[in-house]
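Chemist: I'd like to ask some things about the structure below.
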Amino acid sequence: MSDAITLTIDEVEVTGRKGQTILQAADDAGLYIPRLCWVKKLKPGATCRLCTVMVNNRPVAACTQPITEGMIVLHDTEPLNRYRRNLIDMMFVEGNHMCPVCEKSGNCELQALAYRFGITAPQYPYLFPRRPVDASHPDVFLDQNRCIQCGRCVRASQELDGKSVFQFFGRGAQKKLGVNAEARLADTNLNLTDEALNSCPVGALLRKRVGYAIPVGRRLYDLQPIGSEIEAKARRAANRK
Amino acid sequence: MSDNLKVGIKNICREYGRDRSRLMDILEAVQGQFGWISSEAIDLTARELSMPRAEVEGVVSFYAFLHQQPTGKAIIRMCDGVSCNMNGGHNVADLFKKELGISFGQTTSDGKITLEHTSCLGMCDQGPAAIINGTVITHISTDTVKEIVHTLRETADPRKLVKTFGAGQNADRLIQSMVTNNIRKHGPVIFSVMEPFLALKNALAMNPAEVIRDIKTARLRGRGGAGFPTGMKWDFTREAEGQRRFVLCNADEGEPGTFKDRVLLTECPHMVFEGMTIAGYAIGAEEGIVYLRGEYQYLKNYLENVLAERREAGLLGKNLAGKAGFHFTIRIQMGAGAYVCGEETALINSCEGLRGEPRDRPPFRAQQGYLGAPTVINNVETFCCVTRILEKGAPWFAQIGSQASSGTKLFSVSGDCNRPGIYELPYGITLKDLLVEVGGEDAIGVQVGGPSGQCVSPAGFNRIICYEDLATGGSIIVFGPGRNIIEIAGQFLDFFIEESCGWCVPCRVGNVLLKERVNKILAGKGEPEDLAYLEELGKTVKTMSRCGLGQTSPNPVLTTLQNFRGVYEKGLKKPLDKMQRTFDLDSALQEAVRIQGRQPVHFQD
């Protein structure tokens with residue numbers, strides 16, 4: 001166990017392994033740090049910034065920051081949770097998110113995070129961007145209206161599928177998700193079996209003809225808030241003691 | 001055309017060894033030869049470099065100076081910086097639109113002229129300014145717009161508009177620019193007589209560790225604004241593991257109101273290159289890169305020539321200056337219109353032919369920088385200081401300025417003052433004394449450090465410019481009586497919205513939301529709650545953003561809210577009718593009025 005590293009997250013002593021990030025160590029300890037752009041199996045993107053925590057009085061992304069011995073992390077604080085809430089709000093008003101009719105509703109990580117943070121309506125004015133829907137592909141929709149530019153599909157296509165179907169184009173407020181073709185998703189080599197298709201946390205990448213398959217009440221986040229699966233670990237560990 | 005394109009791109013890619021890390025140079029060459037970068041050109045480039053076309057398109061679409069649409073033979077890039085606009089830039093811009101009959105972002109129907117806005121060009125002391133196909137035109141007035149348009153229509157050659165050359169090296173045959181230096185104050189470090197090559201000779205007579213020791217003894221800190229101790233930076237890089245090491249010079253001067261590096265590169269290029277060479281010796285690097293902002297393209301040939309001179313004199317290359325085993329080369333990497341590339345990890349990405357997005361830290365660039373190798377990045381001015389320290393000794397440098405801020409600082413002064421230009425002054429000067437120096441005593445506010453710095457009110461004019469109090473990369477913009485501080489803060493926000501890389505949510509979205517609320521206040525519809533709203537939003541962007549750009553982007557709002565609160569409060573009103581003040585009944589009803597063909601009844605009285 002020479003690789004063991006002990007750190008403190010919100011006064012809880014956590015033991016992680018060398019090479020882990022704060023987020024990974026917290027996950028293993030059953031402490032849920034909110035995140036949208038991070039998923040297991042992919043390199044961190046650090047685009048959503050929801051996992052920002054304070055280390056030595058400085059904000060760092062928990063998904064990229066390696067743990068060190070004796071590190072003191074502040075995570076579940078009032079200001080940080082407020083800022084996280086603000087970021088979730090920003091993602092809602094930046095795009096056009098129509099939860100009531102979205103096929104991803106109930107399984108959407110953005111929506112689930114909003115519920116977890118008690119958001120019922122955004123505090124910011126909607127920006128109402130005009131964004132296209134690409135329905136050219138026989139099996140997949142790409143709806144830019146719902147894209148939060150987390151980059152999970154970009155990374156999944158590169159890292160897991162060995163392709164480069166998705167990429168970011170432009171910059172700043174004009175930045176958007178682009179595809180590896182002159183214009184249309186249909187002209188890329190995207191397959192239904194691509195991991196990239198499973199990577200979207202929202203309803204921007206959807207399989208055709210399979211929507212609304214799970215009845216309300218049995219969807220992923222209908223009964224338990226997002227992050228519960230991680231927090232359950234801590235409860236199980238506590239029960240064992 | 002298509003065959004031409006194919007052969008042309010093939011040759012260009014071959015010239016750069018089909019090395020995808022040279023994508024910036026390749027794309028610039030493609031655009032140089034074919035005028036723009038078409039979808040087909042993206043395809044062909046991707047194929048030549050065996051990379052996905054989406055990655056090429058991602059890069060092309062990132063940089064403001066790379067075009068995915070055909071452009072006119074002449075491209076007028078009008079500076080949209082605050083200093084230029086304070087000098088009448090808006091009027092000039094409007095007149096360009098009128099004369100050309102197009103809006104910004106459009107090309108005239110005869111295909112001759114494209115009109116674009118661009119963020120600060122670094123001509124703040126001689127604005128309004130524009131760059132036309134690389135040629136800088138300064139002091140544009142409403143009188144000269146007609147002439148510019150006429151000349152471009154007739155000849156498409158902007159060089160015909162340059163009638164007199166600026167002082168000093170601006171008149172060099174390889175520059176021949178109308179840009180002037182406006183060096184108002186010569187200080188002891190940068191603008192004093194330099195004994196050529198003595199610094200390098202002195203450095204090579206020591207061992208590398210001794211060179212770094214001298215830099216530390218001089219207490220030199222980075223001149224770009226962040227103020228990291230240079231010697232420590234070099235030590236980290238020297239100690240890092242790696243086969244190759246690199247010295248990068250950050251000449252992506254883009255902070256609005258900053259133009260000192262332009263003057264340094266024009267008048268003191270040897271000092272810059274010598275500092276880089278000394279850094280190479282100190283950290284064990286053999287390769288140096290100057291990342292030159294696209295706006296300073298007009299200096300490129302001149303700088304290349306200086307490099308050639310140094311090679312011929314044996315001051316670059318193998319066993320340079322007679323030191324067996326020490327080799328060092330320098331190349332120039334052009335940027336293409338992206339302020340964020342001044343952020344050092346974004347700069348590295350850009351040098352590697354990637355989108356200019358900052359990287360996550362760790363790894364730090366001292367360990368894994370350019371091409372994954374240990375890398376030192378310093379500001380142009382920092383390298384100049386290095387040269388002088390090695391030439392005249394660390395103790396000499398250390399006794400100038402203050403304890404924590406040794407040496408002098410170059411200030412780029414613009415705005416409402418009698419003597420805009422470059423000032424070399426020791427650290428420790430108060431803002432008030434600086435204002436006297438530049439002839440801006442009646443200022444109602446001063447922007448110190450550009451938009452990412454702070455806007456100081458007269459109550460703060462006794463503050464001292466140094467790392468411990470008012471730290472700055474050197475941008476000083478003076479606001480005289482009658483200037484609208486909130487409007488200026490709004491213009492700075494526009495700058496950050498334009499220049500954000502868009503990678504992370506807070507910076508990409510937050511600044512747009514800040515601007516929305518500032519606009520509301522400027523429109524006279526502000527409510528008391530709006531100030532707390534702006535502060536909370538600003539703090540969110542500051543805390544949660546990934547890089548220095550995002551972390552400082554709310555400063556125009558946050559520092560004016562702190563120092564000019566009264567100005568904000570004056571414009572606020574509590575609505576009495578419980579209506580949202582932003583709610584505009586007329587525009588809300590517009591669509592219905594159009595469909596019904598009549599005004600609502602209550603409007604008719």
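The values are calculated or read from the model by the stated rules, or taken from the named source; none is laboratory data. All values derive from a computational prediction rather than experimental measurement. We place every Cβ from the backbone using ideal geometry, glycine too, and count neighbours over all the protein chains shown. For the accessible areas, the whole protein counts, side chains as well, though only heavy atoms, and no ligand, DNA or RNA atoms are used. Shrake-Rupley method; radii C 1.70, N 1.55, O 1.52, S 1.80 Å.
Chemist: Go through the range B:478-521 and give me each residue that's among the acidic types (Asp, Glu) and at the interface with chain A (Cβ under 9 Å from one of its Cβ atoms).
Modeler: Our first condition is that a residue be among the acidic types (Asp, Glu); within the range B:478-521, this holds for B:487, B:494, B:498-499, B:516.
Those that are among the acidic types (Asp, Glu) and at the interface with chain A (Cβ under 9 Å from one of its Cβ atoms): B:GLU498, B:GLU499, B:GLU516.
Chemist: I'd like the full set of residues that are touching a Ser or Thr at 6+ places or on another chain (Cβ under 7 Å) and away from chain A (no Cβ under 14 Å), limited to the range B:540-576.
Modeler: Selection gives B:ASN555, B:ASN563, B:PHE564.
Chemist: Please verify whether the range B:349-366 includes one or more residues that are free of Cβ contacts under 8 Å to residues at least 12 places away in the same chain and within 12 Å of chain A (Cβ to nearest Cβ).
Modeler: Scanning the range B:349-366 turns up at least one residue that is free of Cβ contacts under 8 Å to residues at least 12 places away in the same chain and within 12 Å of chain A (Cβ to nearest Cβ).
Chemist: A further question on this structure: Can you tell me which condition B:LEU537 does not meet? The list is (1) aliphatic (A, V, I, L, M); (2) under 22 Å from B:THR472 (Cβ atoms); (3) within 14 Å of chain A (Cβ to nearest Cβ), and all the others hold.
Modeler: (2)
Chemist: Out of B:GLY134, B:GLY122, which single residue is modelled with pLDDT under 95 and in contact with a Phe, Trp or Tyr (Cβ under 6 Å, 6 or more places away or on another chain)?
Modeler: Working: B:GLY122 fails: modelled with pLDDT under 95.
Testing whether each residue is modelled with pLDDT under 95 and in contact with a Phe, Trp or Tyr (Cβ under 6 Å, 6 or more places away or on another chain) leaves just B:GLY134.
Chemist: Filter the range B:374-407 for residues that are open to solvent by less than 10 Å² (accessible area, probe 1.4 Å) and either farther than 18 Å from B:ALA199 by Cα or in a strand (DSSP E or B) (or both); which is farthest from the other protein chains (Cβ to nearest Cβ)?
Modeler: B:SER406
Chemist: Scan (1) closer than 30 Å to B:VAL478 by Cα; (2) in contact with a helix residue (DSSP H, G or I) (Cβ under 8 Å, 6 or more places away or on another chain); (3) not in a helix (DSSP H, G or I) for the single condition B:ASN85 breaks and write down its number.
Modeler: (3)
Chemist: Sticking with this structure for a sec: Please pick out the residue among A:PRO122, A:PRO138, A:PRO129 that is surrounded by fewer than 22 Cβ atoms within 10 Å (Cβ to Cβ), part of a loop (DSSP other than H, G, I, E, B) and touching a residue at least 40 places away in the same chain (Cβ under 8 Å).
Modeler: Working: A:PRO122 fails: touching a residue at least 40 places away in the same chain (Cβ under 8 Å); A:PRO129 fails: touching a residue at least 40 places away in the same chain (Cβ under 8 Å).
That would be A:PRO138, the only listed residue that is surrounded by fewer than 22 Cβ atoms within 10 Å (Cβ to Cβ), part of a loop (DSSP other than H, G, I, E, B) and touching a residue at least 40 places away in the same chain (Cβ under 8 Å).
Yes or no, residue by residue, for (1) within 30 Å of B:CYS124 (Cα to Cα); (2) crowded, with 19+ Cβ neighbours inside 10 Å; (3) within 23 Å of the chain's Cα centre (by Cα):
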| site | (1), (2), (3) |
| --- | --- |
| B:PHE165 | yes, no, no |
| B:SER177 | yes, yes, yes |
| B:HIS186 | yes, no, no |
| B:VAL193 | yes, no, no |
| B:ALA199 | no, yes, no |
| B:ASN207 | no, no, no |
| B:GLU241 | no, no, no |
| B:ASN250 | yes, yes, yes |
| B:GLU255 | yes, yes, yes |
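Chemist: May I ask you to verify whether B:HIS117 is within 27 Å of B:SER500 (Cβ to Cβ) and not aromatic (Phe, Trp, Tyr)? Give the derivation first.
Modeler: Details: within 27 Å of B:SER500 (Cβ to Cβ): yes; not aromatic (Phe, Trp, Tyr): yes.
Yes; evaluated as a whole, the condition is true for this residue.
Chemist: Also, quick follow-up: Here are the criteria: (1) closer than 20 Å to B:VAL413 by Cα; (2) in the same structural domain as B:LEU320 (by TED's automatic domain parsing); (3) open to solvent by less than 10 Å² (accessible area, probe 1.4 Å). Tell me which single one B:PHE246 does not satisfy.
Modeler: For B:PHE246, the failing item is (1).
Chemist: A further question follows. I'd like the full set of residues that are buried (at least 19 other Cβ atoms within 10 Å of the Cβ), away from chain A (no Cβ under 14 Å) and touching a helix residue (DSSP H, G or I) at 6+ places or on another chain (Cβ under 9 Å), limited to the range B:56-82.
Modeler: B:GLY72, B:ALA74, B:ILE76, B:ARG77, B:MET78, B:CYS79, B:ASP80, B:GLY81, B:VAL82, listed by residue number.
Chemist: Between A:ASP10, A:ASP27, which is touching a residue at least 12 places away in the same chain (Cβ under 8 Å) and over 16 Å from the mean Cα position of the chain (by Cα)? Working first, answer last.
Modeler: Values: A:ASP27 fails: over 16 Å from the mean Cα position of the chain (by Cα).
Being touching a residue at least 12 places away in the same chain (Cβ under 8 Å) and over 16 Å from the mean Cα position of the chain (by Cα) holds for just one of A:ASP10, A:ASP27, which is A:ASP10.
Chemist: Condition check: facing another protein chain (nearest Cβ under 10 Å), open to solvent by 30 Å² or more (accessible area, probe 1.4 Å) and in a loop (DSSP other than H, G, I, E, B). Does B:ARG581 satisfy that?
Modeler: On the way: facing another protein chain (nearest Cβ under 10 Å): no; open to solvent by 30 Å² or more (accessible area, probe 1.4 Å): yes; in a loop (DSSP other than H, G, I, E, B): yes.
No; evaluated as a whole, the condition is false for this residue.
Chemist: Taking the range B:93-114 on its own, how many of its residues are free of Cβ contacts under 8 Å to residues at least 40 places away in the same chain, outside any loop (DSSP other than H, G, I, E, B) and over 15 Å from B:ILE140 (Cα atoms)?
Modeler: So the answer is 3.
Chemist: Only residues in the range B:578-593 that are free of Cβ contacts under 8 Å to residues at least 24 places away in the same chain count as the first member; pair them with residues that are not in a helix (DSSP H, G or I), Cβ under 7 angstrom, at least 6 apart or cross-chain, and list the lot.
Modeler: B:LEU589/B:PRO600; B:VAL593/B:GLN599
Chemist: Oh, and also: So which of A:ASN96, A:ASN81, A:ASN107 ends up being more than 14 Å from chain B (Cβ to nearest Cβ) and in contact (Cβ under 8 Å) with a residue 12 or more places away in the chain? Working first, answer last.
Modeler: On the way: A:ASN96 fails: more than 14 Å from chain B (Cβ to nearest Cβ); A:ASN81 fails: more than 14 Å from chain B (Cβ to nearest Cβ).
From the options A:ASN96, A:ASN81, A:ASN107, the qualifying one is A:ASN107.
Chemist: A further question follows. Tally up the residues in the range A:148-162 that are in a loop (DSSP other than H, G, I, E, B) and more than 8 Å from every other protein chain (Cβ to nearest Cβ), please.
Modeler: Within the range A:148-162, residues that are in a loop (DSSP other than H, G, I, E, B) and more than 8 Å from every other protein chain (Cβ to nearest Cβ) number 5.
Chemist: Would you please name the residue that is nearest to the other protein chains (Cβ to nearest Cβ), looking only at residues in the range A:170-192 that are closer than 14 Å to A:HIS137 by Cα, part of a loop (DSSP other than H, G, I, E, B) and modelled with pLDDT of 95 or more?
Modeler: The qualifying residue nearest to the other protein chains (Cβ to nearest Cβ) is A:ASN180.
Chemist: Check A:ILE88, A:ILE119 and return the single one that is β-branched (Val, Ile, Thr) and within 14 Å of another protein chain (Cβ to nearest Cβ).
Modeler: On the way: A:ILE119 fails: within 14 Å of another protein chain (Cβ to nearest Cβ).
Step by step, each of A:ILE88, A:ILE119 is checked, and only A:ILE88 is β-branched (Val, Ile, Thr) and within 14 Å of another protein chain (Cβ to nearest Cβ).
Chemist: Looking at the range B:126-154, I want the residues that are over 21 Å from B:SER414 (Cα atoms) and have a partner that is assigned to a helix (DSSP H, G or I) and hydroxyl-bearing (Ser, Thr, Tyr) with Cβ atoms under 9 Å, at least 6 apart or on another chain. Which pairs are those?
Modeler: Pairs found: B:GLY134/B:TYR298; B:THR135/B:TYR298.
Chemist: From the list B:LYS525, B:LYS542, exactly one residue is farther than 20 Å from A:GLN174 by Cα, surrounded by 11 or more Cβ atoms within 10 Å (Cβ to Cβ) and without any contact (Cβ under 8 Å) to a residue 40 or more places away in the chain. Which is it?
Modeler: On the way: B:LYS525 fails: without any contact (Cβ under 8 Å) to a residue 40 or more places away in the chain.
Among B:LYS525, B:LYS542, only B:LYS542 is farther than 20 Å from A:GLN174 by Cα, surrounded by 11 or more Cβ atoms within 10 Å (Cβ to Cβ) and without any contact (Cβ under 8 Å) to a residue 40 or more places away in the chain.
Chemist: Select, from B:LEU589, B:LEU558, B:LEU537, B:LEU514, the only residue that is in contact with a helix residue (DSSP H, G or I) (Cβ under 8 Å, 6 or more places away or on another chain), part of a helix (DSSP H, G or I) and surrounded by fewer than 23 Cβ atoms within 10 Å (Cβ to Cβ).
Modeler: Details: B:LEU589 fails: in contact with a helix residue (DSSP H, G or I) (Cβ under 8 Å, 6 or more places away or on another chain); B:LEU537 fails: surrounded by fewer than 23 Cβ atoms within 10 Å (Cβ to Cβ); B:LEU514 fails: surrounded by fewer than 23 Cβ atoms within 10 Å (Cβ to Cβ).
Just a single option satisfies the conditions, and that option is B:LEU558.
Chemist: May I ask you to list pairs of residues, at least six apart or on different chains, whose Cβ atoms are under 8 Å apart, with the first in the range B:276-287 being at negative phi and the second being open to solvent by 10 Å² or more (accessible area, probe 1.4 Å) and among the polar types (S, T, N, Q)?
Modeler: Close Cβ pairs (under 8 Å, with a partner that is open to solvent by 10 Å² or more (accessible area, probe 1.4 Å) and among the polar types (S, T, N, Q)) amount to B:GLU286/B:THR329; B:GLU287/B:THR329.
Chemist: When you go through (1) more than 12 Å from every other protein chain (Cβ to nearest Cβ); (2) more than 22 Å from A:ALA196 (Cβ to Cβ) one by one for A:ASN57, which number turns out not to apply?
Modeler: Only one criterion is unmet by A:ASN57, namely (1).
Chemist: I'm checking my understanding of the structure. Among residues of the range A:17-46 that are small (Gly, Ala, Ser) and within 14 Å of another protein chain (Cβ to nearest Cβ), which one is most open to solvent (accessible area, probe 1.4 Å)? Spell out the reasoning first.
Modeler: First pass over the range A:17-46, keeping only residues small (Gly, Ala, Ser): A:19, A:25-26, A:29-30, A:45-46.
After this cut, where a residue has to be within 14 Å of another protein chain (Cβ to nearest Cβ) as well, the list is A:19, A:45-46.
On the way: A:GLY19: 69, A:GLY45: 3, A:ALA46: 2 Å².
Looking at residues that are small (Gly, Ala, Ser) and within 14 Å of another protein chain (Cβ to nearest Cβ), I get A:GLY19.
Chemist: Would you mention how many residues in the range B:5-26 are among the acidic types (Asp, Glu) and open to solvent by less than 90 Å² (accessible area, probe 1.4 Å)?
Modeler: 2
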